[in-house]
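Comments concern the structure below.
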Amino acid sequence: MIFLVAWPLATTPELRPTMKNALILATALLFAPIVTRAQDDPKSKAIVDRLMAQAKGWTSFEADFTSRLQSTKDKLDVKQEGNMKVKGKRFRLVLDKNTIINDGKVLHTYSKETNEVTLNDPAEMDQDLDPSTMFTQYEKGFKSQFVEEKADASGAMTQVVKLFPIDPAKKPFHTVLLTVEKAKGDPRSVQVLYKDGNVVTYTVKKFTANPDLPDALFTFDKSKYPGVEVNDLR
């Protein structure tokens, strides 16, 4: 979502800005049922079409996930835990020591490490990476290929689909491996292979469709952050 201010997702200096942007982009791709009208593989098309149909019926969702960014070039192996809550156009994303909240009018990026919150206009977000639209924004622009069916660590059967940008020059990555649960069609993991050699893998630990999410989750209450410094960039 490179949310204007490039979310402070990583505290390691080497991750800024390239690695940080890669983590943010992969977060969005993790939950995006990517589909195109120019599919070459009927089996993979059926899988992503099913995921897309389900996603359009979700008025809200919540996911716990883990992320791993590997860079041979920079000798990095960064692992993080995250949680995402989305309700309509609003969302709350917690990743490591950072919280990003969009209440529909203001985008709040809070850093627990520095006790600072940065305010931005949500309209200036990169729409390709907006979690509130991530289930529909990739309806065009990719072709897919079925890879395999396999059991995961819990024994549940999953399906793996490989995705390729139709116009690769416009994307920082060249391949995405999307894994979904065969029985329910829910997203299970995604691996993004970037042109610079970086690899980002996200694994869903728990996914809930249409949970009852209180509106208070999508507001930033300054009273809960004593001494917070506010940086208003609107």
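What follows draws every value from the coordinates through simple rules; no lab data is involved. The structure displayed is predicted, hence computed values, not measured ones. Note that each Cβ is placed from the backbone with ideal geometry, even for glycine, and that neighbours are counted across all protein chains shown.
Per-residue Cβ neighbour counts within 10 Å put 100, 47 in the sequence 47, 100, beginning with the fewest.
Fully extending the segment from residue 230 to residue 193 would add 9.7 nm, taking 0.36 nm per residue of separation and subtracting the current Cα-Cα distance. Ranked by how many other Cβ atoms sit within 10 Å of their own Cβ, fewest first, the residues 125, 84 fall in the order 125, 84. On a per residue basis, the convex hull of the C-alpha atoms belonging to the stretch 171-234 measures out at 207 Å³.
One decimal place: the segment residue 79-residue 60 gains 4.2 nm when fully extended, by the rule 0.36 nm per residue minus the C-alpha distance. As a calculated quantity, the FRET efficiency between residue 112 and residue 209 at R0 = 25 Å, using C-beta atoms, amounts to about 0.30. Exposure proxy shown here: for 117, 147, the number of other Cβ atoms within 10 Å sets the order, fewest to most, as 147, 117.
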